[in-house]
Amino acid sequence: MLKLKRILLIAPTEMTRTPAFDRAQSLASATGALLHIISFDYVQALAVAGLFNHDAMAQAREGYLQVHRHWLEQQARFQRCIGLQVTTEVVWAKSTPAHVLEYVNDFHADLVIKDTHHVPALDRAFHRPLDWLLLRDCPAPLHLVTDAREPKPLKILAAIDLSHLEELSHGLNDRILDLASTLAAACGSVLHVLNVSSWSVLGDSDVSVPTLSLDVSLREAVNDTQEEAFEELAERYGIEKKHRHLLTGIPHQVIGLFARQNAFDMVVLGTSYHHGIDRFIGSTAESVLNRAPCSLTIIKPLSRFN
């Protein structure tokens, strides 16, 4: 089982306590991990003023940041009262993907938490939002929080993908189940596992093909192989038979609908980024993110960042 030692909460620039604060506090309390809260803050007007009077701008900026630091410390003080290890930091920088990823890489977090920021489909057509870029490039597991009705997740769904051999996904399913089972055990949550059978990879190719397009005998062989692998994984992680789910359909649609209908607090799923045409295996994680039924935790294969 994994040991979470360092949790990083990316707080919003606005001094507002959001659902991610409550979720981060609950997970840090359950796992015993250190919680570090970072906020990126940058005021364009102060930066422009510095072009004309550097000393005055530096003083004004420091005063402004002190207000933000004091507010974050107040949040941390509440959490320290219940025995948590909590540290805070305010960085004078825009919360661009480059700045955020640089900080994440330097901090070596075991889990990164932030609030989900919904971006309309039209806007996504012209630029990739921070959540999407973190989903692609964040080296640590990324937990994107929606409303967090329950600060401590009571029901967790691990969505695995058996359409690819483990050699092609670099043990991604095990990483999903490792984290999901660790969080479930720490939080006293009920853990379910789901595999959506719809696509398969044949041979050594990275190209997925619809299972229904295969010859009947080949389709049955693929389904039998996936079912055997599914049962073996579920047994290894001690998941009860009534909490094992094999469904068919378009993965992101089935995962979203199943999570919503069964009131899960968190879905843990994987993604493997590739340069080129098929940038995400199935684009499942991105598609689920766009219509998140609950909070999501995104896992990547280790080899992606080795």
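The values are calculated or read from the model by the stated rules, or taken from the named source; none is laboratory data. As the structure is a prediction and not an experimental result, all values here were calculated from the model. Note that we place each Cβ from the backbone using ideal geometry, even for glycine, and neighbour counts take in every protein chain shown.
State all residues of region 240-252 that are free of Cβ contacts under 8 Å to residues at least 60 places away in the same chain and surrounded by 14 or more Cβ atoms within 10 Å (Cβ to Cβ); if no residue qualifies, say none. Can you show your working first?
Let us first name the residues in region 240-252 that are free of Cβ contacts under 8 Å to residues at least 60 places away in the same chain, namely 240-250, 252.
Scanning region 240-252 gives His243, Arg244, His245, Leu246, Leu247, Ile250, His252.
Regarding region 171-180, can at least one residue be identified that is under 17 Å from the mean Cα position of the chain (by Cα), closer than 21 Å to Glu240 by Cβ and either modelled with pLDDT under 60 or β-branched (Val, Ile, Thr) (or both)? I'd like the intermediate steps shown before the answer.
Filtering region 171-180 down to residues under 17 Å from the mean Cα position of the chain (by Cα) leaves 172-180.
Still in the list and also closer than 21 Å to Glu240 by Cβ: 173-174, 176-180.
Restricting the remaining residues to those that are either modelled with pLDDT under 60 or β-branched (Val, Ile, Thr) (or both) gives 176.
Checked against the condition, which is being under 17 Å from the mean Cα position of the chain (by Cα), closer than 21 Å to Glu240 by Cβ and either modelled with pLDDT under 60 or β-branched (Val, Ile, Thr) (or both), region 171-180 yields at least one hit.
Return the total of residues in region 78-108 being touching a strand residue (DSSP E or B) at 6+ places or on another chain (Cβ under 8 Å), of a type in the set (Phe, Trp, Tyr) and free of Cβ contacts under 8 Å to residues at least 60 places away in the same chain.
1
Look through region 1-20, keep the residues that are in contact with a strand residue (DSSP E or B) (Cβ under 8 Å, 6 or more places away or on another chain) and in a loop (DSSP other than H, G, I, E, B), and return whichever of them is farthest from Val86 (Cα to Cα).
From region 1-20, those in contact with a strand residue (DSSP E or B) (Cβ under 8 Å, 6 or more places away or on another chain) are 4-13, 18-20; that's our starting set.
Add one more test, that the residue is in a loop (DSSP other than H, G, I, E, B), and what stays is 4-5, 12-13, 18.
Working: Leu4: 14, Lys5: 12, Pro12: 17, Thr13: 19, Thr18: 17 Å.
If we take residues in region 1-20 being in contact with a strand residue (DSSP E or B) (Cβ under 8 Å, 6 or more places away or on another chain) and in a loop (DSSP other than H, G, I, E, B), then Thr13 is farthest from Val86 (Cα to Cα).
Do we have any residue at all in region 69-81 that's over 23 Å from Glu14 (Cα atoms), modelled with pLDDT of 90 or more and touching a Ser or Thr at 6+ places or on another chain (Cβ under 7 Å)? Give the steps one after another, and end with the answer.
To start, the set of residues in region 69-81 that are over 23 Å from Glu14 (Cα atoms) comprises 81.
Next cut, modelled with pLDDT of 90 or more only: none.
There is no residue in region 69-81 that is over 23 Å from Glu14 (Cα atoms), modelled with pLDDT of 90 or more and touching a Ser or Thr at 6+ places or on another chain (Cβ under 7 Å).
Could you identify the single residue in Arg124, Arg61, Arg149 that is modelled with pLDDT under 85, of a type in the set (Lys, Arg) and buried (at least 16 other Cβ atoms within 10 Å of the Cβ)? Break it down stepwise before answering.
Working: Arg124 fails: buried (at least 16 other Cβ atoms within 10 Å of the Cβ); Arg149 fails: buried (at least 16 other Cβ atoms within 10 Å of the Cβ).
After applying the criteria, what remains is Arg61.
In this structure, does Leu194 turn out to be modelled with pLDDT of 95 or more, surrounded by 15 or more Cβ atoms within 10 Å (Cβ to Cβ) and assigned to a strand (DSSP E or B)? Show your work before the answer.
Values: modelled with pLDDT of 95 or more: yes; surrounded by 15 or more Cβ atoms within 10 Å (Cβ to Cβ): yes; assigned to a strand (DSSP E or B): yes.
It is true that Leu194 is modelled with pLDDT of 95 or more, surrounded by 15 or more Cβ atoms within 10 Å (Cβ to Cβ) and assigned to a strand (DSSP E or B).
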